[in-house]
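Participant: Let me give you the structure first, and then I'll get to my questions.
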Amino acid sequence: MASKALPKDKIPQAVSILKKQYKVIGATPKGKNFVFKEIEDPNEVTLDYNTTILPLKKFFLPPREVIVEFNLQSKEYRGEDIKVEPKVFFGIHNYELQAVFRLDFAFKNGVSDETYLKKREKNVFIGVSYIPDDFHFSESVGIPTDLKEGFDIFLTRYDSHYRVEAMTEKGREIENAWEELLVPCDYEGDPVVHFKNKLKQSVAGIREIFHGAYNHPIWKETARKCYSCGTCNLVCPTCYCFDVSDEVILGTDKGVRARRWDSCQALVFTKVAGGDVFREKRYDRVRHRMSRKFAYIMDEKDRPFCVGCGRCVRQCTADINIVDVMNALL
Amino acid sequence: MSKPKVAFFDFTSCEGCQLSKLNLEDDLLDILELVDIVNFREAISDRGEDYEIAFIEGSLSTPHCIERIHKIRRQAKILVALGACAHIGGINAIRNKMDQDEVRETVYGKDKYLFPSIKAQAVSDVVKVDYYVPGCPMDNQEFKKVLSALLTGKIPEIPEYSVCVECKAKENECLYDYGIACMGPITRAGCGAACPSNGHYCYGCRGLVPDLNKNAAKDVMEKYKLSMSQIKKRFYMFNTNYVNMEEKEYE
Amino acid sequence: MEMKNIYVPEVADLIKVEKMTELETFFEVKLPGGRDLGHEPGQFVQVSVFGVGEAPISVSSTPLKKGSFEMVVRRVGNVTNAMHRLKAGDKLGIRGPFGHGFNMDEFAGKDILVIAGGIGLVPLRSLINTVIAESERKKYGRLIILYGAKTKEEFLFRDELGMWTERDDIEYMVTVDRKTPGWEGRVGVITTLIPDVKLDLKNTLAVICGPPVMYKFVILSLRSKGLKDNQIYVSLERKMKCGVGKCGHCQINNIYVCQEGPVFNYARIEDLKEAI
Amino acid sequence: MNNLSIRVPYVTRVEGHGNIVVDLKEGKLVKSVLEIVEPPRYFEAMMKGYLYTDAAVISSRICGICAVGHQMTSVKATEAALGIPVTEQTVLLRKLLVYGATMQSHILHIFFLAAPDLFNAPSVIPLAKTHPETVKMALRMKRLSNDICDLIGGRTIHPNRVVPGGFTKLPTEKELLWIKDKLENQMVPNAKASFELLKSLADKFPAFQRETEYIGLKTDSEYAFYDGDISSTDAGIIPVEKYREVTNEFVVPHSTAKHARHKRSSYAVGALARLNNNYDKLNPLAKEVADALGMKPIVKNPYLNTVAQLVETIHVTEESLKLIDKLLTDGIKAEKPIQPEKLREGTGVGCTEVPRGILFHEYTYDNRGQIVKANCIIPTNQNAQNIDDDMKELVPWMIDNGMNKEQMTLALEMLVRAYDPCISCSVHFLDVEFKE
Ligand SMILES: Cc1cc2nc3c(=O)[nH]c(=O)nc-3n(C[C@H](O)[C@H](O)[C@H](O)COP(=O)(O)OP(=O)(O)OC[C@H]3O[C@@H](n4cnc5c(N)ncnc54)[C@H](O)[C@@H]3O)c2cc1C
Ligand code: SF4
Ligand code: SF4
Ligand code: SF4
């Protein structure tokens, strides 16, 4: 079958068609930045964005989420009912989806976390190619721009069109639904792109390098610039640590146990009741964050938990660049 | 169980925290069911002295304040400091790091020597404080949480991480993207990033995070075109009593 | 597929509450229908107090005990304070058992050296009571227990301590950091007991649990006695919020204490810089 | 009655700390004052050296009750000093915010601070049991006025969207529609009910009268809150820049707050003063209510300030509806605060009507946009002498009317409360030593 293309000016229509069957989530501008949100007006979605402020994890692991409800009177603990609606994630960069897969691994590995996994059901992903900005470094962590793993459809960007490639049954259904918008595609191959932010070497051996670098001076040097604000954790698509607390609703017998995104950069993260803190030094925490990405947790295919989205680099007000830190170790 | 008797006392402050409680309209009547308010000068005429929980607002800035707070501490089983003035000295303490002579001169002119003044202090500088509701004004939702914790025998906890954590969770655009220096990275969270969420830089009213990296913060703000003297002013706006910008810190 | 919300506690009955010391209280818990918890010694549960929160607590009773299980809790914060206010007949929430405890098969035929500091005795009691149970005792070699507390007032399970002294299949030594009136025994930190212990180096396994500062010194002294790292087991404490390897708080380098621990063979964690 | 001594330490249900002291010896009134004993605040000194962007943040903390007013006045002073223009939309939104704040402050005062006296209750708490519907209504009205402040200013107390040159975040049209709906369907009927209530309680206000000078803002186009010239019932129009000619602050030994005087020994500001100067600009419903309550200028009974507050509450509700309609017709434009073209040395005065009366801020900046000098003149300072003057006539009047000590004490407290004094505001500037 000859490949098809979606003209850029047909994007809103393509979204309208999706909206008939699905909740559509895509990137829209917020000031100078972009955010993922549920698309109400098909014209608000954009495929030309660098990265959003927060990654897709907010849809599966919301910043604050009730995990258990309780009643003081009837002495009951109950799980939240999670309703799953079919969702299309429209115009997603490949590293973004790779990050979701890393999270899937984390929430499936060992004990399965239903609260997360339920929300991962009935998701359709429509990918889009992107032009790396000064911060992206996905290629260095094994996610070249032409990696299309996991998408149902992938849109490759050309001047005035997107080449449409359906890769799953769901994807083909959508391609069919778009039928009347599509035109024959004259384009072949994937555009060549360059990353400015790059690791000196491939991630393959990085884990071992980390193990030998526990006392490397770079940790202290970085810690001098870091004020542990936690931004890097919050915006990271693969950071998933959370805190849990119980709240009783004043004047009632009802309450909830909620989890909330936490930051391992904060001093309290490892503080226990007796006052002991297990990563007291700032450089311990800086090292922990980066080690966790590249050496401590790996998915089933032994891939690191960093997808090179560059958010932590872009959004760190202290200008700490994880790639520079890695390169100092390599 | 009898209702715990609570009292509210205000010292040097703008009374915003008093109002903040009255602004809990939807919950006010519920709260009245749960506690017995015996002293709340702004709202009621009764003046009971048999309270168990004392909520203190305002900083201590006269010898009389000091006397009064000791008396309250002797009576109260639990003492909670409400709002930035009581928690960290707040805005009243700006003058503490100024030339005291100059402060008095601005105010009294030639009569400046007539009026000795004491520095504006946080409540915990003078007596033991059990719990805090930080903020200027204190956040009434947090006050509600603290109150409900006290009523259920819990230790009210306030966050120890930074405002950025809450700001990011709300997916706000960072003010630094617009070249505006914000105190969020080094300020204790709990307000839901109230100011950045409204497009205003955080000025640190909830106090600084426990493990402040002052030098890093200073370097960042300098990059964002605040002069050193303005950086100091920012730090001293609410946190005069808790940070010294005159000396360098080493890790 | 029917999935279970792993965060929902099961509501259980408190059937016995007994104050042990100024700070520690003993709890006996019955799961619905008297079902067994099914734990191994050294494992822990997540205990929820209604409206307050959840905290990881070790199971202190032996799996051989049927129909209920036991815990001892030190009052240090919100959940533990609230537990101290509970009475027999009250309800609480239980999740677990979680983590890895002691693999009793590995201990079979071995001499066992138990070193407990303070509240560290709580999880080790589960191991001890398994070993000394009538039906089990002959499966194991010598049982040497070293116990240290700040003062004699802080001794836990006093009845049982007395019994250990009496039994001749248990070698029990105890020390306090500080002498208080009425104490005639040894004074000094727990490491001072170690030189007096005679070990069959090839056939001994040591287990350690106590406050964070204790581990380093005890391990040094066991090593200097000639024990190998893989003959030493430690039970570690870390902050925990979920108990199921998700929340990230208990992570030590690349491992989760709640998953692989809290009981570790020391050889396994030796090169984890953040462990001890 | 020949000898009498009344002491009310820490008058309750007012904002800040004040004591009533009345001494009558051998038939002669030797003392009748409101002692203001609030600890000093030193704001003018503390603002020195701060950047123009920080001025409103700090001066807002002069008073949490009047925070909107202080911020508004502060940014206006800064804009005047540095030559920062603002758009029409900014002005409309600022007015809406001022009205929201006025509503919330007036409602708080009428129902929570003043009403208990009319119902013979020590506070609103017992009223919640005896008059639950009234209390719930008052809470709803207050909630709504807070919501307006939240939606326009970011929050009610120390709003965080108001900066020189505009707003850091704007309300959405949806939010404006929500406010409109609530004002029409909730505030208007509730305000009418409040009017009926106050009418039925009108005889509880002492019928005391005293002539004085009433000062407030005035403009041709509307009942002035946000902008205008200074207007006096004695002296006509005075430009805002000449405010010092009006306020003439002076020190008295019994008060940590400065007092003020203009043409007479004292003057009054606040709702009643505004009404006396702006009556003809009242919106229709407000005017109807004013007339029905006998509030035609010049009203000389200070106790009726509370009634004037209700009239104003209704007026600003009507005015807010007009503003919202205009904002919605024009559409909300995504404007960012206007930055000063170039920092320059300069002095500027800002003046706004805040719930308790006319408020002035004056700042002088250096060429780096840092404050060199600040001066803030607060309504309660301006009223302080007027309260003392009222008390001086009120005591003999009460004796003539055969009131006993208890009744007199209550009437004195009610008088102080009627002014809705904001004492923590008034001592932003210490004049005399704190005394017991
Ligand atoms: C595997 C394991 C077994 C334990 N066994 C026991 C036991 O048998 N008896 C006993 O008294 N204590 C035990 N503890 C310690 C106990 O969990 C803490 O004392 C308790 O969590 C404090 O909770 P809190 O709410 O009272 O205090 P808070 O200070 O209010 O704690 C708040 C939350 O922080 C976390 N936290 C705080 N301190 C600790 C800590 N020391 N360890 C882990 N999480 C912490 C918990 O999630 C807790 O809910 C154990 C800890 C672990 C990790
Ligand atoms: S975002 Fe930057 S400054 Fe903040 S914690 Fe991360 S590395 Fe440190
Ligand atoms: S705006 Fe302020 S609080 Fe928000 S992320 Fe940026 S620095 Fe942090
Ligand atoms: S954002 Fe900063 S200044 Fe604003 S309320 Fe929170 S802590 Fe205070």
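Participant: Taking region B:136-155, which residues are surrounded by fewer than 20 Cβ atoms within 10 Å (Cβ to Cβ), more than 9 Å from chain A (Cβ to nearest Cβ) and in contact (Cβ under 8 Å) with a residue 24 or more places away in the chain?
Facilitator: The one that is surrounded by fewer than 20 Cβ atoms within 10 Å (Cβ to Cβ), more than 9 Å from chain A (Cβ to nearest Cβ) and in contact (Cβ under 8 Å) with a residue 24 or more places away in the chain: B:155.
Participant: What number of residues within region B:227-242 are closer than 18 Å to residue A:227 by Cα and within 16 Å of ligand 3 (Cβ to nearest atom)?
Facilitator: Matching residues across region B:227-242 total 4.
Participant: Report whether or not residue A:85 is within 30 Å of residue A:16 (Cα to Cα) and more than 13 Å from chain C (Cβ to nearest Cβ).
Facilitator: Details: within 30 Å of residue A:16 (Cα to Cα): yes; more than 13 Å from chain C (Cβ to nearest Cβ): yes.
It is true that residue A:85 is within 30 Å of residue A:16 (Cα to Cα) and more than 13 Å from chain C (Cβ to nearest Cβ).
Listed here are the residues, each with its yes/no results for (1) buried (at least 24 other Cβ atoms within 10 Å of the Cβ); (2) charged (D, E, K, R); (3) part of a strand (DSSP E or B).
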| residue | (1), (2), (3) |
| --- | --- |
| D:286 | yes, no, no |
| D:297 | no, no, no |
| D:359 | yes, no, yes |
| D:363 | yes, no, yes |
| D:371 | no, no, yes |
| D:375 | no, no, yes |
| D:382 | yes, no, no |
| D:387 | yes, no, no |
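Participant: I've got another one for you. When you scan region C:98-206 for helices (runs of 4 or more DSSP H) that lie fully inside it, which ones turn up with 2 or more residues that are away from ligand 4 (no atom under 16 Å from the Cβ), closer than 21 Å to residue C:57 by Cβ and not β-branched (Val, Ile, Thr)?
Facilitator: Numbers: elements: C:104-107, C:121-131, C:158-166.
Where helices (runs of 4 or more DSSP H) fall fully within region C:98-206 and carry at least 2 residues being away from ligand 4 (no atom under 16 Å from the Cβ), closer than 21 Å to residue C:57 by Cβ and not β-branched (Val, Ile, Thr), they are C:121-131, C:158-166.
Participant: Name every residue in region D:7-27 that is at pLDDT below 80 and either of a type in the set (A, V, I, L, M, F, W, C) or over 30 Å from the mean Cα position of the chain (by Cα) (or both), in order of residue number.
Facilitator: Here is the first cut: in region D:7-27, the residues at pLDDT below 80 are D:7-18, D:27.
Selection gives D:8, D:11, D:14, D:27.
Participant: Can you name the helices (runs of 4 or more DSSP H) wholly within region B:1-99 that have at least 3 residues being over 27 Å from residue D:106 (Cα atoms)? Write out each step before concluding.
Facilitator: Details: elements: B:16-22, B:25-34, B:63-75, B:83-88.
Counting at least 3 such residues, we get B:63-75, B:83-88.
Participant: Only one of (1) more than 8 Å from ligand 3 (Cβ to nearest atom); (2) not in a loop (DSSP other than H, G, I, E, B) is not met by residue B:200, so which one is it?
Facilitator: (2)
Participant: In addition: For residue A:51, state whether it is assigned to a strand (DSSP E or B) and under 26 Å from residue A:314 (Cα atoms). Can you show your working first?
Facilitator: Working: assigned to a strand (DSSP E or B): no; under 26 Å from residue A:314 (Cα atoms): yes.
When the stated conditions are applied, residue A:51 does not pass them.
Participant: I'm checking my understanding of the structure. Among residues of region B:172-203 that are in contact with a Gly (Cβ under 6 Å, 6 or more places away or on another chain), more than 10 Å from chain D (Cβ to nearest Cβ) and within 8 Å of ligand 4 (Cβ to nearest atom), which one is nearest to residue B:139 (Cα to Cα)?
Facilitator: So, considering only residues that are in contact with a Gly (Cβ under 6 Å, 6 or more places away or on another chain), more than 10 Å from chain D (Cβ to nearest Cβ) and within 8 Å of ligand 4 (Cβ to nearest atom), the one nearest to residue B:139 (Cα to Cα) is B:188.
Participant: Return yes or no: is residue A:275 within 16 Å of ligand 1 (Cβ to nearest atom) and more than 7 Å from every other protein chain (Cβ to nearest Cβ)? Give the derivation first.
Facilitator: Working: within 16 Å of ligand 1 (Cβ to nearest atom): yes; more than 7 Å from every other protein chain (Cβ to nearest Cβ): yes.
For residue A:275, the condition - within 16 Å of ligand 1 (Cβ to nearest atom) and more than 7 Å from every other protein chain (Cβ to nearest Cβ) - is met.
Participant: I want to confirm something. Restricting to region A:186-215 and keeping residues that are surrounded by fewer than 17 Cβ atoms within 10 Å (Cβ to Cβ) and under 18 Å from residue C:253 (Cβ atoms), which single residue is nearest to ligand 1 (Cβ to nearest atom)?
Facilitator: A:214
Participant: Which of the following residues is at positive phi and either in a strand (DSSP E or B) or more than 10 Å from chain C (Cβ to nearest Cβ) (or both): A:91, A:110, A:127?
Facilitator: Values: A:110 fails: either in a strand (DSSP E or B) or more than 10 Å from chain C (Cβ to nearest Cβ) (or both); A:127 fails: at positive phi.
Just one listed residue meets the conditions, A:91.
Participant: Working only within region D:135-194, note down all residues that are within 9 Å of another protein chain (Cβ to nearest Cβ), free of Cβ contacts under 8 Å to residues at least 24 places away in the same chain and under 30 Å from residue D:81 (Cβ atoms).
Facilitator: D:154, D:155, D:160, D:161, D:169
Participant: Any idea which of (1) more than 9 Å from chain B (Cβ to nearest Cβ); (2) surrounded by fewer than 21 Cβ atoms within 10 Å (Cβ to Cβ); (3) assigned to a helix (DSSP H, G or I); (4) not β-branched (Val, Ile, Thr) is the one residue D:101 doesn't satisfy?
Facilitator: Residue D:101 satisfies every listed condition except (2).
Participant: I need the strands (runs of 3 or more DSSP E) fully contained in region C:1-89, keeping only those with at least 3 residues that are away from ligand 2 (no atom under 16 Å from the Cβ), within 12 Å of chain A (Cβ to nearest Cβ) and crowded, with 16+ Cβ neighbours inside 10 Å.
Facilitator: Values: elements: C:10-19, C:24-30, C:44-49, C:53-58, C:69-74.
Result: C:10-19, C:44-49, C:53-58.
Participant: Additional query: Cβ contacts < 8 Å: first residue free of Cβ contacts under 8 Å to residues at least 40 places away in the same chain, restricted to region B:181-203; second residue in a loop (DSSP other than H, G, I, E, B) and within 16 Å of ligand 1 (Cβ to nearest atom), any location; separation 6+ or different chain. Result?
Facilitator: So the pair list comes out as B:189/B:159; B:189/B:161.
Participant: When the residues of region B:182-217 are narrowed to those that are among the basic types (Lys, Arg) and touching a Lys or Arg at 6+ places or on another chain (Cβ under 7 Å), which ends up nearest to ligand 1 (Cβ to nearest atom)?
Facilitator: Here is the first cut: in region B:182-217, the residues among the basic types (Lys, Arg) are B:188, B:206, B:214.
Within this subset, residues satisfying the condition of being touching a Lys or Arg at 6+ places or on another chain (Cβ under 7 Å) are B:188, B:206.
Values: B:188: 18, B:206: 20 Å.
The extreme case among them is B:188.
Participant: Residues of region B:173-187 being crowded, with 24+ Cβ neighbours inside 10 Å, more than 14 Å from residue B:226 (Cβ to Cβ) and more than 11 Å from ligand 2 (Cβ to nearest atom), which ones?
Facilitator: Listed by number, the list holds a single entry, B:187.
Participant: Take residues that are basic (Lys, Arg) and tell me which of the helices (runs of 4 or more DSSP H) falling wholly in region A:250-330 contain 1 or more. Reasoning before the result, please.
Facilitator: On the way: elements: A:282-291, A:311-315, A:322-329.
Counting at least 1 such residues, we get A:282-291, A:311-315.
Participant: Turning to a different aspect of this structure: Go over the candidates B:119, B:128 one by one and state the one that is under 30 Å from residue B:99 (Cβ atoms) and more than 9 Å from every other protein chain (Cβ to nearest Cβ).
Facilitator: Details: B:128 fails: under 30 Å from residue B:99 (Cβ atoms).
Being under 30 Å from residue B:99 (Cβ atoms) and more than 9 Å from every other protein chain (Cβ to nearest Cβ) holds for just one of B:119, B:128, which is B:119.
Participant: Can you report the number of residues in region D:220-244 which are closer than 23 Å to residue D:287 by Cβ and in contact with a Pro (Cβ under 9 Å, 6 or more places away or on another chain)?
Facilitator: Result for region D:220-244: 2.
The values are calculated or read from the model by the stated rules, or taken from the named source; none is laboratory data. None of these values were measured; they are calculated from a predicted model. Quick reminder, even Gly has a Cβ in these numbers, built from the backbone with ideal geometry, and neighbours come from all protein chains shown.
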